Structures are given as C-alpha cells and as structure tokens.
Number of protein chains: 2
Amino acid sequence: MSAGPLVATVVVIFAIIDEALQVLLVHRTGDPERGKWALPGGLWRGDEPLDRTAARKLTEETGAADLYLEQLFTTSDLDVGQPGVAVAYFALVDAAAVRLRIGDQWPPEWHRVDDLEPLAFDNNSVIAQALERARAKLDYTNIAYGLLPDEFTIRDLQGTYEAILGRDLDRRNFRKRMLSNGIIESTETRRHEGAHRPALLYRFVSREPVFL
Amino acid sequence: MSAGPLVATVVVIFAIIDEALQVLLVHRTGDPERGKWALPGGLWRGDEPLDRTAARKLTEETGAADLYLEQLFTTSDLDVGQPGVAVAYFALVDAAAVRLRIGDQWPPEWHRVDDLEPLAFDNNSVIAQALERARAKLDYTNIAYGLLPDEFTIRDLQGTYEAILGRDLDRRNFRKRMLSNGIIESTETRRHEGAHRPALLYRFVSREPVFL
DNA sequence: CCAAAAGTGTTAAAGCTACACCCATGG
DNA sequence: CCATGGGTGTAGCTTTAACACTTTTGG
C-alpha cells in the first residue's frame, strides 16, 4: 500500500467493425462497479513513461502495436475513494489486425459507439470526448491510417470516415479531396471483388501522424 | 515523504504586455535546477480537483480569477529523480487585471515568448505547445476574451491576435470577420485617445468559451 | 490645417457543394 | 446482357485575400 495518489491510464480503443465505429470494453473485475463494462486501463507503476503504459495496455488488449495513440486529458474524478488521477488516451486500430484475449473469464468485447449502455465511472463521457477529438482530427490529419490495413480502396477509406463522422459523404468530392491533399497514394494494383469493376488500391503516404 | 508517485501541476500563464505575448515565470527555489526561471506550479495534494489546483495556482500568481484556463497534456518526464506526473495547463489573463506578488525574495516576472532563455526542465517545450494550442484556438473560439478587459476597441483585439499569431493581419478583413462571426458586440460608447478619430468600444458577447 | 488612427467595399481566386452518367467486371 | 460498384467533370456558391481612400478628432 502506498500513501501517495494513484496514477492510472485509461484507453479508448476504436476500430471499424461491421461498418460501424466500435470501442473495446472489458468487464471490471474489482470494486467499485464490479461486473460493469468499462474502458481498459491500469495503474501506472512509475517505472516507465506514461505513454508507454498506455501503449502497453493497448497491445495487451489487441495484440496490435504501432498504431495511432494520442493522449486525451487527465482527470482527478476517479470515484474510487482515494485520491488519484486518470490519464485518458484514445487509439485507432485496424480490426483485421486485432487478436483479442480469449479464454479469460471475462473476455474483452467490441461495442458500437452509437449504442452504448451506461458504463462504469464516467467512461461514457471519456468515449464521447475521444470521438469528438477523432472527428475533428479527421479533417486536418491522416489519423485514419490507424484504422485501415496497408492497402485499401478509396471506398474503404470513405466508409471509415463515414463511420467516425456518423454521416454520409459524397463519393466524388471525397475522392477528389483525398487524391489532392496528398495523404494517400495509388499502388498500381486492383482488388477484384465481385461482379463489378475492380477498385484501385491505395496506401497512406505516411503512417506517422501528419497535419495537412 | 510519500512512497507513491508525485502529481504536480504546471501553468503557462500568457498575457499581452507592451504589445507582445509574455509568459509568467518564477525562480525555482528548490533543487534540482535551483535558481533557474521556470513555470509556476506545485504539487497536487489530492484534496481538491486537479483543475482547481491549477486555477488556485493561477490566482496565487496573478491575483486574477475567472479567466481562461485549459488543460494541455500530462507528462511523466519530470527529471526530479522520483516517479511522478506533471499536468500542464495554460491560461490567458488580462495584464491590466494582474497584481503580481511583490516583496518576495524572487518575485515572478513576465518574459517575452519570442525571446526566451533556456528554462528549467522542459518548460520551453511546454510553452511552445501552449502557444501552438492558443494559436489554433484563436481561429475557431472566442478565447481571446481571457486577454482583454471588458471593453476594448477592435484594434486592441487585432493587436491581441497579432501578438499570439506572430504576424500582421489585414485591418479590414479582421474587422469584417470579427463583426460577422458573432463573438463581439458593440457597446455604443467610444474611446477618445489622442488627436484622431475616436474608436467604438466592443465587448465579448460571452466570456465563457464558445466554439464558432 | 495637419497628423494620426478609425472606418469602410470591391474584386479575384480558391475552395466547397451538389449533382448524373459511363466503365469494367462476374455471373 | 444485366446487375453491381468503380470512376469521372462541371457549375454555382461561399469564403478568403488583397488592396486605398475618406472620416473624425486634437492640437
């Protein structure tokens, strides 16, 4: 037992699944709020940088590394009966690259962001803020790279934008914007997928965060 | 002595003085980096919300309350030899309303942001990030209200924008934008100030943060 | 009447939105 | 040949940037 304040990290992990934006939740195994769905997180032990604790948590839950991870904010409203701060992060991962922990008593699960039950603590509001940040950043950064595999069609990319923004976009305008703002480039290959014209595949010019 | 991690707050306090953006610095009174200029801050004791600790620090240093205060980010790079996190904030205050602590051995001082010596820890980078955030928010919020008194001329407002952005703006376009975006409104009074046409005074429609 | 800052409009360029038709493929 | 999604261009509108002269005042 320590006399000092707690420092915890909490991670909002987003992925696109079934064409919808989903967030990864775990069951709380301890009190308070035991048994409720909650964001994954854990105590910071002080033996590594805070960002690495968050990145480690992300990898533990999803098996995926090297994706998009950004700090959101820090709050001292922990509701755990002792002083402490929680540092919230949000991450964007490619669902296809994720391997969830299985076999656990309480495996993590994906939940649609647009239809969330009340979660432990103020986790609903943390997710809302993560979503707001992600929406804003779509407009002026390339962060969507976190949600997509190396190669994708422009339609895949548009679906990703639509899932996050929660509204439909015009196909022609979307394509023009993406091709002119320089965040993606064409591979010269096509993907054949059904009884129709095959789509050109693209990749992100950079898989590091870039501002437009 | 506590065995747990430290939690500290650090505040970047900006004001416009001599038509330049300046930041409030204090002398470090303890090791490490004793005697160097540094951002004001202090330990969080866990008996109040984190934001209130930052707000209190702001008031202690400037005598001013109810201005603009926003959380920036949290880092664990403290360089103090024991584990801990620092939560950085930035604040915008009206220099005319500030009464600095005096009589202290090491009174706080305003320093021009565009000409800073190397400060303690990574404080230069914290200030740079605060400035970047403030610049971005000028474009789509009314946060400039924090830097100005209740009544001001459009020219005062433009000077504030220019000091933060670090570049000159076109007077006619600036005026048009400010009058059309709805963040300020005319008082019907004028300020007479020298051998020239008196300027109309304006006020902010809201002195709470508003997004455009 | 002069110096100094306040106040005011227009034009061109760029960017954004809305919108409809042809293309390539598999079955 | 047909159903399906991929791919393309244009016209109107809004927004932004550039730019110069007249007004009001104090001295």
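The values are calculated or read from the model by the stated rules, or taken from the named source; none is laboratory data. On a predicted model such as this, the values are computed, not experimentally measured, just so you know. Cβ coordinates were reconstructed from backbone atoms using ideal geometry, including for glycine residues, and neighbour counts include every protein chain displayed.
General remarks:
- Residue within region A:152-159 that is away from DNA strand C (no atom under 16 Å from the Cβ), under 21 Å from A:Leu72 (Cβ atoms), under 17 Å from the mean Cα position of the chain (by Cα) and outside the structural domain of A:Trp37 (by TED's automatic domain parsing) present: no
- Here B:Asp66, B:Asp51, B:Asp79 are screened, and the one residue that is facing another protein chain (nearest Cβ under 10 Å) and surrounded by fewer than 20 Cβ atoms within 10 Å (Cβ to Cβ) is B:Asp51.
- Subset of region B:36-48 that is within 19 Å of A:Phe73 (Cβ to Cβ) and surrounded by fewer than 20 Cβ atoms within 10 Å (Cβ to Cβ) - its residue that is nearest to the other protein chains (Cβ to nearest Cβ): B:Gly46
- Candidate set from region B:110-143 (those that are basic (Lys, Arg) and within 16 Å of DNA strand D (Cβ to nearest atom)); member that is nearest to B:Ser180 (Cα to Cα): B:Lys137
- Residue tally, condition exposed (fewer than 13 other Cβ atoms within 10 Å of the Cβ) and over 13 Å from the mean Cα position of the chain (by Cα), over region B:126-148: 3
- The test for being at pLDDT below 95 and either within 23 Å of A:Leu58 (Cα to Cα) or crowded, with 17+ Cβ neighbours inside 10 Å (or both) holds for A:Ala97.
- Contact map, region B:189-207: first residue away from DNA strand D (no atom under 16 Å from the Cβ), second residue small (Gly, Ala, Ser), Cβ cut-off under 9 Å, separation 6 or more or different chains; pairs are B:Tyr202/B:Ser186; B:Arg203/B:Ser186; B:Phe204/B:Ala144; B:Val205/B:Gly182; B:Arg207/B:Gly146.
- Number of residues in region A:144-172 that are closer than 17 Å to A:Ala199 by Cα and within 16 Å of DNA strand D (Cβ to nearest atom): the value is 14.
- Filtered residues of region B:1-35 (kept if at pLDDT below 90 and surrounded by fewer than 18 Cβ atoms within 10 Å (Cβ to Cβ)): B:Met1, B:Ser2, B:Ala3, B:Thr29, B:Gly30, B:Asp31, B:Pro32, B:Glu33, B:Arg34, B:Gly35
- Restricting the search to helices (runs of 4 or more DSSP H) fully inside region B:90-209 and requiring at least 2 residues that are hydrophobic (A, V, I, L, M, F, W, C) and under 30 Å from B:Thr29 (Cα atoms) gives B:123-140.
- Residue within region A:71-85 that is free of Cβ contacts under 8 Å to residues at least 24 places away in the same chain and closer than 24 Å to A:Thr160 by Cα present: yes
- Selected residue (criterion: surrounded by the fewest Cβ atoms within 10 Å (Cβ to Cβ)) from residues of region B:179-212 that are of a type in the set (A, V, I, L, M) and away from DNA strand C (no atom under 11 Å from the Cβ): B:Leu212
- Filtering region B:38-72 to residues that are among the β-branched types (Val, Ile, Thr) and in contact with a strand residue (DSSP E or B) (Cβ under 8 Å, 6 or more places away or on another chain) leaves B:Thr53, B:Thr62.
- Residue within region A:50-62 that is part of a strand (DSSP E or B) and either within 14 Å of A:Ala8 (Cβ to Cβ) or not basic (Lys, Arg) (or both) present: no
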